[in-house]
Amino acid sequence: MTRNQNGLTLVEVLASLAVLSVIGLLLWNVFFQGISYSKKAATDTSLQQEANQISMKLTRIHQTSPSYEIVNNNCQLKVYNTQTDDKQLITSFSDGKTCYTADIEEGSDHSRDLELTLSLKDAPGEKFTLHTTLYKLKGSSNHEN
């Protein structure tokens, strides 16, 4: 008598289903972790680009304005011309989703150290800090030292 064993037993089906489930869960986790890292990288890049643009504008203001003041006001940056008695607003930086803070060290007329921090209002842990120096080229202002 010949026995035919072409089918699968219930134990073999359950074992293969368990192995496939574990592999599927691992792939699912890796996929969503990749998406999460991708979003974080995009956010970091966006904050860095915005910080660079603000730094360029502040450098231009530093090079062209004889006297100015940067004010941190409720997640906004405001730059005032302090050459006259009544401060005139030169520019402001604000966004509904981003909080801006700037710490500028009063230095010489030609260079000042700036620490610019941008953070997301809905995710305060997502922030970017830029350390840079605002500079004037010799002879670029009316008050040459």
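Bear in mind these aren't lab numbers, they're just calculated from the coordinates by the rules spelled out. Please read all numbers here as calculations on a predicted model, not as lab measurements. So basically every Cβ, Gly included, is an ideal-geometry build from the backbone, and we count neighbours across all protein chains shown.
Residues of region 39-89 that are of a type in the set (A, V, I, L, M) and free of Cβ contacts under 8 Å to residues at least 24 places away in the same chain: Ala41, Ala42, Met56, Val71, Val79, Leu89. Exactly one residue among Thr43, Thr59 is within 18 Å of Thr132 (Cα to Cα), under 36 Å from the mean Cα position of the chain (by Cα) and not small (Gly, Ala, Ser), and that residue is Thr59. Residue-level analysis places Glu115 outside the set of residues that are surrounded by fewer than 12 Cβ atoms within 10 Å (Cβ to Cβ) and farther than 21 Å from Lys39 by Cβ.
Within region 105-128, restricting attention to residues that are part of a strand (DSSP E or B) and of a type in the set (Gly, Ala, Ser), which residue is nearest to Ser65 (Cα to Cα)? Going through the qualifying residues, I end up with Ser111.
Picking from residues in region 54-104 that are touching a strand residue (DSSP E or B) at 6+ places or on another chain (Cβ under 9 Å), part of a helix (DSSP H, G or I) and of a type in the set (S, T, N, Q), the one that is surrounded by the most Cβ atoms within 10 Å (Cβ to Cβ) is Ser55.
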